[in-house]
Every structure is written in C-alpha cells, then in structure tokens.
Amino acid sequence: MQTCLFYKIAVIASVFLLFAGCSSRQEITEQQIPLHTELPAYTRHLKGFKICLDPGHGGQAHVPNYKRGPTGIREAEVNLKVALHLRDMLQEVGTTVIMTRVDDSYVSLAKRSQIANESNADFFISLHHNGIDNSPETNYTSTWYHGDADDSRQSLDLARYIQQGVSDALRLPRFPATGLYSDKLVTASGFGVLRLTECPAVLCEASFLSNPEEETRLQDNAYLRQEAYGYFLGIARYVTAGFPKGVLIDPQHTSTVKTKTPHLQIRVMDGLHERGAWMLKRQQVFTASIRVKVDGVIFPHHYDRNTDIITVAIEKPLSNGVHFVETELVNYYGKHSLPSPQRFKV
Ligand SMILES: [Zn+2]
C-alpha cells in the first residue's frame, strides 16, 4: 500500500511539474532572451594591455547616400556607438584604449594607423558594418586581415577570436564558409588601415547595414552593446591564449660578443607559465613550430624541452657589426609569436 501511495504521489508530482515546466517555458519564449553582459573571470588577463579601436568612417554625413542603411542610418554612427560600448567594457577591466575618433569627425586611413603606431598599441581593431547593393537578404559577420595569410599569422590569430566572438554575440542565421578574408580580395594593395598598422590588425564587418531587419536592430542600443560584448569576449580570449616568444639570453639582446661564431641561446616562453599556473614544467609550445632566423636566414637549431632553451650553433663566421635574431614559435593555444627581432653585435 505504501508503495502504491508513493507511486500516486510521484505521478501527481510529475504531472504538476510537467505543467509548471510548460508555463515557465512559455514565459521564457514571450520574453526577450536576456543579454549576458557579466564579465567572465578570464577577462582579468586584459589588464595592462593597450588596444586601439577604430570606428570606421565618420565626418561624411554631407555625402549623399554614403554608407547608409535602407532608411538612411549611417554606418559611421553605428560603428562609433559599438566602439564606445567596447571601450567602456575594456576600460572596466583595466585595459588602456586608444580611439581613432570619439565623435563624427573625418580621420584619414593613414592617420588612423598613425594613431595606433604612435601609441604603441598591442593590437588594432577597425569596427565596421557591411553593405551590398541589390541583395537586402545578405547578412553575415566577416573579419579581414591584411595581405597573404603567411605574412599575417599574428593578425589572423586575432581575427579568429574576433570573428567567433562577434558571430556568437549577433547569432546571424548565416555563417560564411570561412568568415576570415584577406583584404586583397577587395583591392590589390589591401585596406590602407590594415597595411599601415604595425601591430596585429583586423577589420570586422559585424553585420550588413543594408539588410532592412539588421538596420532596425542596429538602432537598438541593447543590440549594439551585445555586439560590443562579442568583440570584448573575442579580445579577452585572444589575450588569454597568451603571447609566446623566444628571448635571446646568450648573447643578451643589444650586447657585444668577441667571437664571430657564437652559440646562441634562446629561452622559450609560452606566454602562459608567467601567470604561475599549475601545468607541466615544459613550456607549452609546439616543438615543430620553432624556427630561428639570423639576419633573415633560417638556421638549424636544437630545442631542449627539459631546459626550454633553443641553441643555435653559428659555424660560418659572422661579419663585424649588428646581427638580428628572430624566433618564431606557436603555443598550445595556436598563438604565433609576435615579430620582435633581437640583436647583438660582433
Ligand atoms: Zn565600413
């Protein structure tokens, strides 16, 4: 009897829960999906970085039909609003933000790159919204890097994270085959703002302002903030993945050696161990990714995983003067070392 009574209670409870579940599901579908703008713990890695944000266009409201949506919303204004939201989020976690413009003024492409270069920004992001004639249904996210992928590995590292962050935030129904595009697809010399910027640089076309529904959404401040949050998470994940590098320790950077056939020693740093985390002792860098160039020429090297030291034995005597050492490597997150040639004098 007791078992039977328990069974009845269980059935009644299940039916009650079923209906309760239905009603709560209805409530959720009737409401707006909440915007998740809490800051994940990994965003703390952004502290201390210097990021240049470049809201595309500006100062050309007088040009008829220049970069406008179907009802006349200007791309320059939308770009700026998103960039200002993003700036606020980045500053909240201790990032220094350099803006190429903070109002509707005209700034040349060369000037935008100059602002990034002179401020020694760690990386550069140009924020845009796309447009296409005679195809109002077109709407997707794309992220652009300069030139050939082999020459833009560091910018592509950033582009991947931005593309995924913004795509996740906007959840547009279409995702292109890659989402990552070379600016050479548009012009032979690429985009000036990417070509002239020295640090890793990308340009993101978050969505299509020429799509009528998208133009409506882009007038909603909450939607713009959601887009900025997508950039923010993409940037935070990019930084969290670390910046691997090879550090010349013998001879030390800028020092002078007496021998013309030095044995170079380079310390491998994955950009992750320095956080004091719990992980295997060896630096988290792919052995096969290591490449050492002396004066632009690839030299054979030996990498000792126990000491995390790369050794390069130079057998052919070097000339008197300054010589440059560049170490390329990739860490477990797939991040490529930034170009940072170190030098010594013979
Ligand atoms: Zn644009």
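So the values come out like this:
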| quantity | calculated |
| --- | --- |
| Count of the range 143-182 residues which are surrounded by fewer than 22 Cβ atoms within 10 Å (Cβ to Cβ) and in a strand (DSSP E or B) | 3 |
| Tabulated pairs, the range 205-234, first assigned to a helix (DSSP H, G or I), second aromatic (Phe, Trp, Tyr) and within 14 Å of the ligand (Cβ to nearest atom), C-beta under 8 angstrom, 6+ apart or interchain | Glu214/Phe208 |
| Test: residue in the range 66-74 that is in contact (Cβ under 8 Å) with a residue 12 or more places away in the chain, within 14 Å of the ligand (Cβ to nearest atom), open to solvent by 30 Å² or more (accessible area, probe 1.4 Å) and assigned to a loop (DSSP other than H, G, I, E, B) | yes |
| Residue check, Asp104 over 19 Å from the mean Cα position of the chain (by Cα), surrounded by fewer than 22 Cβ atoms within 10 Å (Cβ to Cβ) and farther than 18 Å from Val202 by Cα | yes |
| In the range 75-85, the residues that are in contact with a helix residue (DSSP H, G or I) (Cβ under 6 Å, 6 or more places away or on another chain) and either within 16 Å of the ligand (Cβ to nearest atom) or at positive phi (or both) | Lys81, Val82 |
| Conditions (1) within 16 Å of the ligand (Cβ to nearest atom); (2) in contact with a Leu (Cβ under 7 Å, 6 or more places away or on another chain); (3) β-branched (Val, Ile, Thr); number of the one not met by Ile51 | (1) |
| Among residues of the range 81-92, those that are crowded, with 22+ Cβ neighbours inside 10 Å and farther than 20 Å from Val239 by Cα, counted | 1 |
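The values are calculated or read from the model by the stated rules, or taken from the named source; none is laboratory data. Computed from a predicted structure; not experimentally measured. Glycine also receives a Cβ, built like all others from the backbone with ideal geometry; neighbour counts cover every protein chain displayed. With ligands, DNA and RNA removed, areas are computed over all heavy atoms of the protein, side chains included. Shrake-Rupley method; radii C 1.70, N 1.55, O 1.52, S 1.80 Å.
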